[in-house]
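Heads up: the structure comes next, in structure tokens.
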């Protein structure tokens, strides 16, 4: 396996372990902002560091500041969460170095979609949409 393959396998194991921890562990971040700054705010190394060591250190130092949004007990704002397929697709696009903006949608498509959402709003609420 290449170094990249080994790193991605390592990250996959770390993400899997963290997601399993979200099932029973605290949902809130357990580290304070000063603690995170102290853990992550050190000097840049003077010499190259092994990539695997960088990933291990980042995971260990940042994990206490992570909120369990993808966990089953997160009842905060409705902000989404990543399903396994979406997370894997994100990795795939990153691996392809294709993290760019999507193409602009034609105005006609945007307007038709907007009209459908307004129609649905009015049907569901029985009210006229105010910002036509």
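The values are calculated or read from the model by the stated rules, or taken from the named source; none is laboratory data. None of the values given here were measured: they were computed from a predicted structure. A quick note on method: Cβ atoms are made from the backbone with ideal geometry, for glycine too, and the neighbour counts reach across all protein chains shown.
Points worth noting:
- Residue match in region 82-97 (condition: surrounded by 10 or more Cβ atoms within 10 Å (Cβ to Cβ) and either modelled with pLDDT under 75 or in contact with a strand residue (DSSP E or B) (Cβ under 7 Å, 6 or more places away or on another chain) (or both)): yes
- The residues listed here are 8, 58, 33, 40; of these, the one that is closer than 21 Å to residue 83 by Cβ and either loosely packed, with under 11 Cβ neighbours inside 10 Å or at pLDDT 90 or above (or both) is 8.
- Here residue 110 qualifies as closer than 30 Å to residue 130 by Cβ, at pLDDT 90 or above and surrounded by 10 or more Cβ atoms within 10 Å (Cβ to Cβ).
- Qualifying residue in region 61-71 (condition: over 19 Å from the mean Cα position of the chain (by Cα) and modelled with pLDDT under 90): no
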